[in-house]
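Visitor: Here it is, the structure in full.
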Amino acid sequence: MTQADLSQLTIGILGGTGPQGRGLAYRWALGGLSVVIGSRDARRAEHTTALLRERAGSQRVRGMDNAGCAAESDLVVVAVPFDGHARLLQPLRQPLAGTIVIDCVNPLGFDNRGPCLRAVPEGSAAAQAQALLPESRVTAAFHHVSAVLLDDPEVSSLDIDVLVLGDDREATDLVCALAAVIPGMRGIYGGRLRNASQVEALTANLIAINRRYHTHAGIRITGI
């Protein structure tokens, strides 16, 4: 799928007013895509929308509550803290039926020794999303992308690969194409959804790297 094809679709971001969601929305708006910002508070979504329209120079950004965002979008990114993950998705089963859902939630905990992976009964945040949304086409991606870099207008290209996991190959190919809209970014198929826990856990290692070396580290896959 080309960027021109993607331009015909609407990308919804549940949690689009948070750092990660807002950063992804900014980059896709810059790339000419149609974006819907979702939030528990529609007014907050509209405020973020106004800022993004000005920053990205695009009028293809809208804001609404999460239910409206889910209903209006062809692809939906879940970008909320893990504590609110299940609570957000439970009432959205029907509006997200048949929709490609991209879960980028990292179930991490923090203590005086740093970040660590939290136990999730389903095995991963992405697996939890699939359990809550059995009629949706759930993928896992965008876990390791720095929100700081995404939101920085001085950063014109991101030096990073995005691992995309899922059981629906058409859906994972589409998510890879969506990643490639952002300059410098590649989407790389990383396997089945059952292996999402390893990808989510790697975020804890990247946070530790960032703290030690004062950077915004990502990953690159060699040989491709």
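The values are calculated or read from the model by the stated rules, or taken from the named source; none is laboratory data. All values reported here derive from a predicted model rather than from experimental measurement. No Cβ is skipped: glycine too gets one built from the backbone with ideal geometry, and neighbour counts run over all protein chains shown.
Visitor: So, residue 34, is that one under 29 Å from residue 190 (Cβ atoms), surrounded by fewer than 16 Cβ atoms within 10 Å (Cβ to Cβ), without any contact (Cβ under 8 Å) to a residue 40 or more places away in the chain and touching a Leu at 6+ places or on another chain (Cβ under 8 Å) or not? Talk me through it step by step, then tell me what you get.
Guide: Numbers: under 29 Å from residue 190 (Cβ atoms): yes; surrounded by fewer than 16 Cβ atoms within 10 Å (Cβ to Cβ): no; without any contact (Cβ under 8 Å) to a residue 40 or more places away in the chain: yes; touching a Leu at 6+ places or on another chain (Cβ under 8 Å): yes.
So residue 34 does not fit the description; no.
Visitor: What residue, of 212, 194, is under 20 Å from residue 131 (Cα atoms), among the basic types (Lys, Arg) and assigned to a helix (DSSP H, G or I)? First the steps, then the outcome.
Guide: Values: 212 fails: under 20 Å from residue 131 (Cα atoms).
Sole residue among the options that is under 20 Å from residue 131 (Cα atoms), among the basic types (Lys, Arg) and assigned to a helix (DSSP H, G or I): 194.
Visitor: So which residues in the range 152-171 are surrounded by 20 or more Cβ atoms within 10 Å (Cβ to Cβ) and either modelled with pLDDT under 95 or not small (Gly, Ala, Ser) (or both), if there are any at all?
Guide: If the condition is that a residue be surrounded by 20 or more Cβ atoms within 10 Å (Cβ to Cβ) and either modelled with pLDDT under 95 or not small (Gly, Ala, Ser) (or both), then 158, 160, 161, 162, 163, 164, 165 are the ones that fit.
Visitor: Still on this structure: Select the helices (runs of 4 or more DSSP H) contained entirely in the range 9-108, then report the ones holding at least 2 residues which are within 12 Å of the chain's Cα centre (by Cα). Give the derivation first.
Guide: Numbers: elements: 19-30, 42-56, 66-72, 85-89.
In the range 9-108, 19-30 are the helices (runs of 4 or more DSSP H) which contain 2 or more residues that are within 12 Å of the chain's Cα centre (by Cα).
Visitor: When the range 129-145 is examined, which residues are found to be within 24 Å of residue 23 (Cα to Cα) and either among the β-branched types (Val, Ile, Thr) or in contact (Cβ under 8 Å) with a residue 40 or more places away in the chain (or both)?
Guide: Matches in the range 129-145: 129, 138, 139, 140, 141, 142, 143, 144, 145.
Visitor: Would you mind stating whether residue 218 is part of a loop (DSSP other than H, G, I, E, B) and either farther than 15 Å from residue 20 by Cα or in contact with a strand residue (DSSP E or B) (Cβ under 6 Å, 6 or more places away or on another chain) (or both)? Before the answer, list the steps.
Guide: Values: part of a loop (DSSP other than H, G, I, E, B): yes; either farther than 15 Å from residue 20 by Cα or in contact with a strand residue (DSSP E or B) (Cβ under 6 Å, 6 or more places away or on another chain) (or both): yes.
So residue 218 passes the test.
Visitor: Oh, and also: Please go through the range 196-209 and give me each residue that is within 17 Å of the chain's Cα centre (by Cα) and not aliphatic (A, V, I, L, M), ordered by number.
Guide: 197, 198, 200, 203
Visitor: Hey, among 119, 86, 126, which residue is on the phi < 0 side of the Ramachandran plot, in contact with a strand residue (DSSP E or B) (Cβ under 8 Å, 6 or more places away or on another chain) and small (Gly, Ala, Ser)? First the steps, then the outcome.
Guide: On the way: 119 fails: in contact with a strand residue (DSSP E or B) (Cβ under 8 Å, 6 or more places away or on another chain); 86 fails: in contact with a strand residue (DSSP E or B) (Cβ under 8 Å, 6 or more places away or on another chain).
It is 126.
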